[in-house]
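All of the numbers you see were taken from the coordinates with simple rules; none came from a lab. For clarity, every value in this text was computed on a predicted model and none was experimentally measured. All Cβ positions, even for glycine, are placed from backbone atoms using ideal geometry, and neighbour counts span all protein chains on display.
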Amino acid sequence: MNEEIKILFERIKKARYCVALTGAGVSTLSGIRDFRGKNGLYNDGPAGPLDAEKIFDIEYFERDPSVYYKAAGSFIYNINEKEPSVVHLVLAALEKQGLLKALITQNIDLLHRKGGSRRVIEVHGSPQVHYCLRCAGVRMGFDEAAAIVRSGDLPRCKRCNRVLKPAITFFGESLPAEALRDAGTEAQNADLMLVLGTSLTVNPAASLPAYTLRNGGEVVIVNNMPTHLDSQAIQHFDDLGEVFGGLGELLEDTL
Ligand SMILES: [Zn+2]
């Protein structure tokens with residue numbers, strides 16, 4: 001095994017408060033396609049390329065929510081066809097052993113929860129909840145909404161029949177305040193932050209590692225593309241699958 005992975009494992013064990021920040025690269029290992037890459041989802045709509053700005057645009061959603069539900073049927077609501085990757089599973093195992101205190105994610109695919117992680121902060125919102133844009137207090141959980149979407153219908157408000165919106169942050173909406181605050185606090189508390197599968201181009205993820213660095217913490221980056229913080233990272237890896245395969249073996253040896 002790569003010596004650097006052993007060094008990383010020692011670092012994680014010694015850390016007082018280790019936090020992970022994850023992005024799309026973690027999900028592509030589970031067969032979830034990223035949006036804009038070569039094989040990206042947006043190149044592959046039923047009637048030609050899908051338009052991200054339409055699928056996740058709040059004004060567009062209010063006019064025609066079926067566009068979102070049609071597109072998301074094959075990458076959000078089909079979670080029972082997706083398996084957590086080695087990264088999801090080892091992160092959950094690290095948390096269980098007390099070696100990881102919190103997980104901040106940009107992903108909206110719920111795979112960290114499916115993998116067994118408990119303290120998950122979803123800074124771009126989450127389809128765990130669907131709500132009515134008109135009636136305060138009307139909620140539908142993911143499983144119920146997903147069953148309706150998979151049957152080809154739209155989840156509707158039981159009070160006014162309007163199509164429900166997932167609590168994912170759409171273009172034109174503000175990010176979830178509570179998740180943002182929690183993510184900032186966790187990043188400040190961290191003496192070690194693992195930055196995984198994100199190129200740190202979008203806020204708030206782009207700015208969170210700086211909170212850790214500013215408080216004297218260390219940052220490790222695992223990503224197959226350069227990031228603006230590479231020169232400040234104490235370790236840097238390209239291959240998420242290799243690093244987490246290795247960490248999983250090392251963790252098993254200690255149990
Ligand atoms: Zn309603």
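Between the stretch 198-240 and the stretch 100-140, the C-alpha centres lie 23 angstrom from each other. Available extension along the chain between residue 97 and residue 214 is 39.4 nm, counting 0.36 nm per residue and deducting the alpha carbon span.
If R0 is 30 Å, what FRET efficiency do you get for residue 147 and residue 178 from their C-beta distance, rounded to 0.05? Could the numbers behind the result be given before it?
On the way: r = 28 Å, r/R0 = 0.92.
About 0.65, to the nearest 0.05.
Summing charges over all other residues whose Cβ lies under 14 Å from the Cβ of residue 182, with Lys and Arg as +1 and Asp and Glu as -1, gives +1.
Using the alpha-carbon positions of the stretch 51-121, Rg (one decimal) and Dmax (whole number) come out as 15.3, 47 Å. Can you list the aspartates and glutamates whose alpha carbon sits under 16 Å from that of residue 6, skipping same-chain ones fewer than 8 residues off? Cα-Cα hits under 16 Å: 238, 239, 242, 249, 252, 253. Karplus-based coupling profile of the stretch 126-133, in residue order and whole Hz: 7, x, 4, 10, 10, 9, 8, 6, with θ = phi - 60° in 6.51 cos²θ - 1.76 cosθ + 1.60 and x standing for Gly or Pro. Placing R0 at 51 angstrom, the Cβ-Cβ distance between residue 17 and residue 159 gives a FRET efficiency of 0.70 after rounding to 0.05.
Its DSSP H runs of at least 4 residues, each contributing -39,500 (n - 2.57), put the calculated 222 nm mean residue ellipticity of the chain at -10000 deg cm²/dmol, to the nearest 500. Ratio of Rg to Rh for the chain: 0.99 [Cα atoms; Kirkwood radius as inverse mean 1/r over pairs]. Of the candidates 31, 23, 115, which one comes out as most mobile in a Gaussian network treatment of the chain with C-alpha springs shorter than 10 Å? So, out of 31, 23, 115, the one fluctuating most is 31.
Quote the FRET efficiency, to the nearest 0.05, computed for residue 4 versus residue 135 with a Förster distance R0 of 51 Å and r equal to the Cβ-Cβ distance. After rounding, the FRET efficiency stands at 0.45.
Summing +1 for each Lys or Arg and -1 for each Asp or Glu, what net charge is found among the other residues whose Cβ lies under 13 Å from the Cβ of residue 233?
-3
When DSSP assigns beta bridges and you keep just the ones with both residues in the chain, what percent turn out antiparallel, to the nearest 5? Numbers along the way, then the final one.
Numbers: 9 of 30 bridges.
In the chain, DSSP labels about 30 percent of beta bridges as antiparallel.
Going by average Cβ density within 10 Å per residue, which order do the peptides 120-126, 81-87 take, highest to lowest?
Working: 120-126: 21.6, 81-87: 18.9.
Per-residue Cβ counts within 10 Å, averaged per peptide and sorted highest first, yield 120-126, 81-87.
For the stretch 205-217, the Karplus equation 6.51 cos²θ - 1.76 cosθ + 1.60, evaluated at θ = phi - 60°, returns couplings of 4, 4, 9, 5, x, 5, 4, 5, 4, 4, 8, x, x Hz by residue, with Gly and Pro reported as x. Assuming a viscosity of 0.692 mPa s and a temperature of 37 °C, what translational diffusion coefficient in µm² per second does Stokes-Einstein assign to the stretch 77-217, Rh being the Kirkwood radius over Cα pairs? For the chosen part, D equals 199 µm²/s.
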